[in-house]
Amino acid sequence: MPMPTPVPQPFDTSQFVGRSEAAPEQPGEFTKGVRSGWAGMRGQAHALAGGIGEATGFPEFAKGQYGDAQSAMQEAEATAPRVRSTSDIHGIRDFADWGLGTAGSVVPMGAAALGAGAATALTGGGALPAYLAGTAAMTPFMAGGAI
């Protein structure tokens, strides 16, 4: 009498649960600083646009820009590095996280300033025009932060 063929059983994947579906990696403190800095820069730009709209008689435009500024600032807060202030440093790890987050947060504005200065220098401008172009690139964001 022939042997019956065994019925194939489904492959048991229970032993692999959690291995193939790894949780997404959390961003590092430097990356958090870059994201937070970029969101803050956007917020400052929207605040400046709102102030200009308000001063030139466009209240609805200004209201929309102020709302966008508030949203961007909330995003900056939500994506901020773990250690945001020197008063939050209580050990070596806190100091390292603060340094990485702070370094990351200056990248967006620094990139804008360096890009403007480099573009000026590469198109025949000297050191002073490059410096002024970098300053001009940062001014709207600084002004927006003051509004």
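List of remarks:
- Rg [Å, one decimal], Dmax [Å, integer] - segment 71-139, C-alpha atoms: 16.4, 49
- Highest to lowest packing among 97-105, 68-76, scored as the average C-beta count within 10 Å: 97-105, 68-76
- A Förster radius of 22 Å combined with the Cβ-Cβ distance from Glu25 to Thr86 puts the calculated FRET efficiency at roughly 0.20.
- A straight chain from Ala103 to Ala78 at 0.36 nm per residue would run longer than the Cα-Cα distance by 7.2 nm.
- Against the compact-protein benchmark of 2.2 N^0.38 Å, the Cα-based radius of gyration of segment 28-146 scales to 1.24.
Values in this text are rule-based calculations from the coordinates and carry no lab data. Predicted model, so just to flag it, every value in this text is computed and none were measured. Every residue, glycine among them, receives a Cβ derived from its backbone with ideal geometry; neighbour counts consider all protein chains shown.
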